[in-house]
Every structure is written in C-alpha cells, then in structure tokens.
Amino acid sequence: MFLLKDGHVSNSITHTIQIIQENIRQAAHRVRRDPSGVRLVAATKTVPVADLEEAYRAGVRIFGENRLQEAQQKRQVLGTREALVWHFIGRMQRRKLKDLVGNFTVLHSVESTEQARSINAVAEKLGIQQAVLLEVNVGEEASKGGFTSQEVESGIEELDRLPYLKIQGLMTLPPWKENPEDVRPYFLQVRQLRDRLARQTWARVRMQELSMGMSHDYEIAVEEGATMVRIGTAIFGEREEAVSLNPVG
Ligand SMILES: *Cc1c(COP(=O)(O)O)cnc(C)c1O
C-alpha cells in the first residue's frame, strides 16, 4: 500500500513501482540529472516471495536483502531470472562473510577496514573480485555501523591496495528525521566526500556509486546525487515484524 501525494492509495505493487520510478525521474530532472543514472534497489527484508515476483514483473531488477538466510531461501524459490541481481544491504557478521562474498553482486555495507580486509581474503580464496560500497555513518550514531567520513579519508589508501575488492562508492543510512528535507545536509555531505575521493587517482577504487535514500527521503537523495536508492516500505507496505533498520545479517 502506498499513500499517493493526492491522498489516494495504491494497492498494487506494480502501480506503486511505476509511481516511484516516475518520482525518481522527476527528482532527477529537477537537478538536471539523467534518470538512468539512478537504480532502484528494492529492499526486501521480511517481504514474501510472491511480492518479489510481482516486483520483478513490474521491472525491478535489484533486490537488496539484509539477512543471509532469508536471502538464500528466497533465491532458491525464485530461481535465476533474466537480469535479476541481489545486493546485500545489511550489516555483515564476520562468520557469514564466507557465504556473502561471491553470492551478492554488491555488498553495500562494508563498515570497517578490518572487515574490508576479511572480504578481500575470502574473495582471494574464491578467485573473484567482490564489488563493495563503504558505509558512511554520517550522523556518527552509536547504533549504526560504518566509517566516519574521516575514517574513509584516512583509510582509503590502504583499501585501494586490496586486490580482490572493487570499491565502487559509498553507502549511507543517515539519521532519521521526520521531515526528509532535514536529511538533505547528510546526503550532501556524503556526496561531497565521494566527489573529493573521486578527484584523486586510485589504483583500484572507483568512487562512482552513492547508495542513499529510502522510502521516506529517496527523492531528496536523488536530488543530492544518489545512484542507488534502497526502497522497501514504499513498495511493499509496512513490515509486520518489528525489525531493526539495519539488522545484523
Ligand atoms: C530496510 C532498509 C531499507 C529500506 O527502508 P524503507 O524505509 O522500508 O524504505 C534501506 N536500507 C537498509 C539498509 C535497510 O535495512
């Protein structure tokens, strides 16, 4: 269910996705961005497979999961589908890295240099390169994982030397604000960090992606440069189970 701006309600996932894609297009146009530079990642924690199926039929091609086991079960049921990819957007426990690396196209939420080294080591064993984003804890909240902006800047040189990582950009989960306009300064801060890093020359790091914006604030995120928005509730409705936003998976 999705509350439309005119006060009507959309009950179909398909219709809701069309509306969200249109909102993304309009937000991009407002700041003269090409809307094709923004990808929709459907955040699917606790969402039943039938709803994922409908989202796929409506054109969604990236599912972002928070928990390994839940993702594995859904993938088994859905099977391989043309052009469908899975991203991991939740916190990553050390002992699960061996199952996460190589099984998700992008890991959005690398939270420390140590974790990056561990992912690099698993990827080396598998003989692959793993695409990742560095999570920036832009509000420096104790409840959230991630690098501070300063830690990214001071740590990136070492990360650039890890040969089995493809660092593609930054991800952030900014502090919750009732008014999404109040989140804008955080998005701006992460974009500016990305831009500063992108101007430097790196051996491997490619600072292009910005994974930011959720149901509540994705249009603002797009205006501030998001290349991936992670949207759950706005597509699939409120989650029944009380889950923490970024549960350890
Ligand atoms: C659940 C989740 C989202 C989506 O949040 P909604 O408010 O439901 O759109 C985005 N990112 C992460 C990391 C999440 O855990």
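Within the range 46-61, take every residue that is touching a residue at least 40 places away in the same chain (Cβ under 8 Å) and either assigned to a helix (DSSP H, G or I) or within 14 Å of the ligand (Cβ to nearest atom) (or both) and give me the one that is nearest to the chain's Cα centre (by Cα).
60
Let me spell it out: the conditions are (1) among the charged types (D, E, K, R); (2) within 14 Å of the ligand (Cβ to nearest atom); (3) closer than 25 Å to residue 47 by Cβ, and residue 209 meets all of them except one. Which number is the exception?
It fails just one condition, (2).
Can you tell me which residues in the range 221-249 are modelled with pLDDT of 95 or more and within 13 Å of the ligand (Cβ to nearest atom)?
Once the filter is applied, which keeps residues that are modelled with pLDDT of 95 or more and within 13 Å of the ligand (Cβ to nearest atom), the range 221-249 yields 221, 226, 228, 229, 230, 231, 232, 233, 234, 235, 236.
Only one of (1) more than 23 Å from residue 16 (Cα to Cα); (2) within 11 Å of the ligand (Cβ to nearest atom) fails for residue 217. Which number is that?
Exception for residue 217: condition (1).
Only one of 226, 203 is aliphatic (A, V, I, L, M) and exposed (fewer than 13 other Cβ atoms within 10 Å of the Cβ). Can you tell me which?
203
Would you be able to say whether some residue in the range 82-94 is within 20 Å of the chain's Cα centre (by Cα) and of a type in the set (Lys, Arg)?
Looking through the range 82-94, at least one residue is within 20 Å of the chain's Cα centre (by Cα) and of a type in the set (Lys, Arg).
Consider the range 150-167. How many of its residues are of a type in the set (S, T, N, Q) and within 18 Å of residue 91 (Cα to Cα)?
Counting residues in the range 150-167 that are of a type in the set (S, T, N, Q) and within 18 Å of residue 91 (Cα to Cα) gives 0.
Where in the range 72-176 are there strands (runs of 3 or more DSSP E), lying fully within it, with 3 or more residues that are away from the ligand (no atom under 16 Å from the Cβ)?
Per the criteria, 165-172.
Of the numbered conditions (1) part of a helix (DSSP H, G or I); (2) free of Cβ contacts under 8 Å to residues at least 60 places away in the same chain; (3) surrounded by 21 or more Cβ atoms within 10 Å (Cβ to Cβ), residue 210 fails exactly one; give the number of that condition.
Among (1) part of a helix (DSSP H, G or I); (2) free of Cβ contacts under 8 Å to residues at least 60 places away in the same chain; (3) surrounded by 21 or more Cβ atoms within 10 Å (Cβ to Cβ), the lone unmet condition for residue 210 is (1).
The values are calculated or read from the model by the stated rules, or taken from the named source; none is laboratory data. This one's a predicted model, so the numbers in the text were calculated from it and none came from an experiment. So basically every Cβ, Gly included, is an ideal-geometry build from the backbone, and we count neighbours across all protein chains shown.
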